[in-house]
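Shown below is the structure under consideration.
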Amino acid sequence: MAISTSWLAKDSEGEPDQVDAVAINSKLRSRIIVGTTMGQIVQLHAATSDSQLLVPQHAMRQQRLRPVKPGSIHILPSGAVIMLHHADHSVQAFDPQLGHLIGEWGLPRNGVKWLTLCGGGSDLFVLGLRDGTVPELYRFRVPAELKPEAASAEPPSKLPATNVVP
(Lines give C-alpha, C1' and ligand atoms only; values in the text may rest on other atoms or scores of the structure.)
Protein backbone atom coordinates (compact mmCIF):
# COMPACT_ATOMS: atom_id res chain seq x y z
CA MET A 1 0.00 0.00 0.00
CA ALA A 2 1.06 3.56 -0.63
CA ILE A 3 0.15 6.77 1.20
CA SER A 4 -1.19 9.63 -0.90
CA THR A 5 0.96 12.75 -0.54
CA SER A 6 -1.36 15.27 -2.18
CA TRP A 7 -2.88 16.26 1.19
CA LEU A 8 0.48 17.09 2.82
CA ALA A 9 1.11 20.83 3.26
CA LYS A 10 4.32 22.84 2.91
CA ASP A 11 5.89 24.83 5.72
CA SER A 12 6.74 28.56 5.58
CA GLU A 13 10.04 27.75 3.83
CA GLY A 14 8.36 25.59 1.19
CA GLU A 15 9.51 22.27 2.67
CA PRO A 16 6.88 19.54 2.28
CA ASP A 17 5.28 17.85 5.28
CA GLN A 18 6.16 14.15 5.51
CA VAL A 19 4.68 11.10 7.22
CA ASP A 20 7.16 10.19 9.96
CA ALA A 21 5.20 7.97 12.39
CA VAL A 22 2.66 5.19 11.88
CA ALA A 23 0.36 3.30 14.26
CA ILE A 24 -1.65 0.30 13.05
CA ASN A 25 -4.24 -1.81 14.83
CA SER A 26 -6.14 -4.18 12.55
CA LYS A 27 -8.68 -5.08 15.26
CA LEU A 28 -10.07 -1.54 15.39
CA ARG A 29 -11.98 0.55 12.90
CA SER A 30 -9.25 3.19 13.14
CA ARG A 31 -6.67 0.94 11.57
CA ILE A 32 -3.97 3.30 10.32
CA ILE A 33 -2.97 6.54 12.04
CA VAL A 34 0.00 8.61 10.84
CA GLY A 35 1.91 11.51 12.33
CA THR A 36 3.71 14.08 10.21
CA THR A 37 6.80 16.23 10.48
CA MET A 38 4.53 19.30 10.76
CA GLY A 39 2.62 17.81 13.70
CA GLN A 40 -0.57 16.50 12.14
CA ILE A 41 -2.13 13.24 13.29
CA VAL A 42 -4.34 11.80 10.55
CA GLN A 43 -6.46 8.68 10.23
CA LEU A 44 -6.10 7.03 6.80
CA HIS A 45 -8.31 4.64 4.84
CA ALA A 46 -8.23 3.04 1.40
CA ALA A 47 -9.21 5.27 -1.49
CA THR A 48 -12.49 4.34 -3.18
CA SER A 49 -10.82 4.45 -6.59
CA ASP A 50 -7.72 2.44 -5.58
CA SER A 51 -7.72 0.05 -2.59
CA GLN A 52 -3.90 0.11 -2.53
CA LEU A 53 -3.77 3.89 -1.95
CA LEU A 54 -4.26 5.32 1.56
CA VAL A 55 -5.90 8.74 1.79
CA PRO A 56 -6.89 10.90 4.79
CA GLN A 57 -10.18 10.10 6.46
CA HIS A 58 -9.91 12.86 9.07
CA ALA A 59 -7.33 14.75 11.10
CA MET A 60 -6.88 14.81 14.85
CA ARG A 61 -5.47 18.21 15.75
CA GLN A 62 -2.88 18.85 18.45
CA GLN A 63 -2.74 21.75 20.87
CA ARG A 64 0.81 22.48 19.72
CA LEU A 65 2.10 21.79 16.24
CA ARG A 66 5.35 19.90 16.67
CA PRO A 67 6.81 17.05 14.64
CA VAL A 68 5.40 13.61 15.40
CA LYS A 69 8.53 11.47 15.61
CA PRO A 70 8.76 7.75 14.80
CA GLY A 71 7.56 5.61 17.72
CA SER A 72 5.53 8.50 19.14
CA ILE A 73 1.98 7.33 18.41
CA HIS A 74 0.07 4.25 19.49
CA ILE A 75 -3.52 3.01 19.29
CA LEU A 76 -4.92 1.67 22.58
CA PRO A 77 -7.42 -1.23 22.73
CA SER A 78 -10.13 1.35 23.49
CA GLY A 79 -9.37 2.97 20.12
CA ALA A 80 -7.86 6.10 21.69
CA VAL A 81 -4.75 7.37 19.92
CA ILE A 82 -1.92 8.38 22.25
CA MET A 83 1.04 10.55 21.29
CA LEU A 84 4.32 11.25 23.05
CA HIS A 85 5.35 14.93 23.13
CA HIS A 86 9.12 14.65 23.48
CA ALA A 87 9.96 18.26 24.30
CA ASP A 88 7.02 18.76 26.67
CA HIS A 89 7.48 15.49 28.59
CA SER A 90 3.82 14.66 28.11
CA VAL A 91 1.40 12.18 26.56
CA GLN A 92 -1.73 13.35 24.72
CA ALA A 93 -4.75 11.20 23.86
CA PHE A 94 -7.16 11.77 20.97
CA ASP A 95 -10.55 10.34 20.08
CA PRO A 96 -9.97 8.78 16.63
CA GLN A 97 -13.60 9.16 15.51
CA LEU A 98 -14.23 12.75 16.60
CA GLY A 99 -10.63 13.93 16.39
CA HIS A 100 -10.76 15.87 19.66
CA LEU A 101 -8.20 15.89 22.46
CA ILE A 102 -9.28 13.61 25.34
CA GLY A 103 -6.53 14.65 27.73
CA GLU A 104 -2.87 15.32 28.38
CA TRP A 105 -0.67 13.86 31.11
CA GLY A 106 2.79 15.01 32.19
CA LEU A 107 5.74 12.64 32.38
CA PRO A 108 8.50 12.88 34.98
CA ARG A 109 11.16 15.49 34.16
CA ASN A 110 13.97 13.85 36.08
CA GLY A 111 16.73 14.03 33.47
CA VAL A 112 15.11 11.48 31.15
CA LYS A 113 14.74 12.20 27.43
CA TRP A 114 11.59 10.34 26.36
CA LEU A 115 12.00 8.42 23.09
CA THR A 116 9.05 6.13 22.37
CA LEU A 117 5.86 4.70 23.85
CA CYS A 118 3.56 1.72 23.50
CA GLY A 119 0.68 0.16 25.38
CA GLY A 120 -0.03 -3.32 26.64
CA GLY A 121 -2.88 -4.55 28.81
CA SER A 122 -3.71 -1.87 31.36
CA ASP A 123 -0.32 -0.16 31.12
CA LEU A 124 1.57 2.31 28.97
CA PHE A 125 5.32 1.91 28.56
CA VAL A 126 7.61 4.82 27.82
CA LEU A 127 11.27 4.33 26.96
CA GLY A 128 13.80 7.06 27.60
CA LEU A 129 17.47 7.81 28.12
CA ARG A 130 18.78 9.27 31.36
CA ASP A 131 21.59 11.74 30.74
CA GLY A 132 21.67 10.63 27.10
CA THR A 133 23.22 7.23 27.83
CA VAL A 134 21.34 5.11 30.38
CA PRO A 135 18.14 3.47 29.02
CA GLU A 136 15.11 3.53 31.31
CA LEU A 137 11.71 1.95 30.84
CA TYR A 138 8.77 3.40 32.77
CA ARG A 139 5.37 1.82 33.21
CA PHE A 140 2.27 3.97 33.68
CA ARG A 141 -1.29 2.79 34.32
CA VAL A 142 -3.60 3.61 31.42
CA PRO A 143 -5.75 6.52 32.65
CA ALA A 144 -9.32 5.40 33.36
CA GLU A 145 -10.80 7.66 30.68
CA LEU A 146 -8.75 5.83 28.02
CA LYS A 147 -9.96 2.35 28.93
CA PRO A 148 -12.72 0.76 26.81
CA GLU A 149 -15.24 0.88 29.65
CA ALA A 150 -14.46 4.53 30.59
CA ALA A 151 -17.29 6.94 31.28
CA SER A 152 -17.04 10.08 29.14
CA ALA A 153 -17.59 12.39 32.13
CA GLU A 154 -14.69 11.00 34.15
CA PRO A 155 -12.13 13.69 35.10
CA PRO A 156 -8.55 13.35 33.78
CA SER A 157 -6.21 11.34 35.97
CA LYS A 158 -2.48 11.61 36.62
CA LEU A 159 -0.01 9.08 35.31
CA PRO A 160 1.72 7.47 38.31
CA ALA A 161 5.10 6.25 37.11
CA THR A 162 6.92 3.07 38.01
CA ASN A 163 10.54 2.77 36.98
CA VAL A 164 10.77 -0.71 35.45
CA VAL A 165 14.36 -0.78 34.23
CA PRO A 166 16.87 1.66 35.77
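Return the residues of the stretch 80-110 that are in a loop (DSSP other than H, G, I, E, B) and farther than 13 Å from Met60 by Cα; say none if nothing qualifies.
His86, Ala87, Asp88, His89, Leu107, Pro108, Arg109, Asn110
Considering only the stretch 111-139, how many residues are part of a strand (DSSP E or B) and either within 16 Å of Pro67 (Cα to Cα) or open to solvent by 40 Å² or more (accessible area, probe 1.4 Å) (or both)?
14
The values are calculated or read from the model by the stated rules, or taken from the named source; none is laboratory data. Keep in mind that this is a model prediction, so the values were computed, not measured. Note: accessible area is taken over every heavy atom of the protein model, side chains too, but ligands, DNA and RNA are not part of it. Shrake-Rupley method; radii C 1.70, N 1.55, O 1.52, S 1.80 Å.
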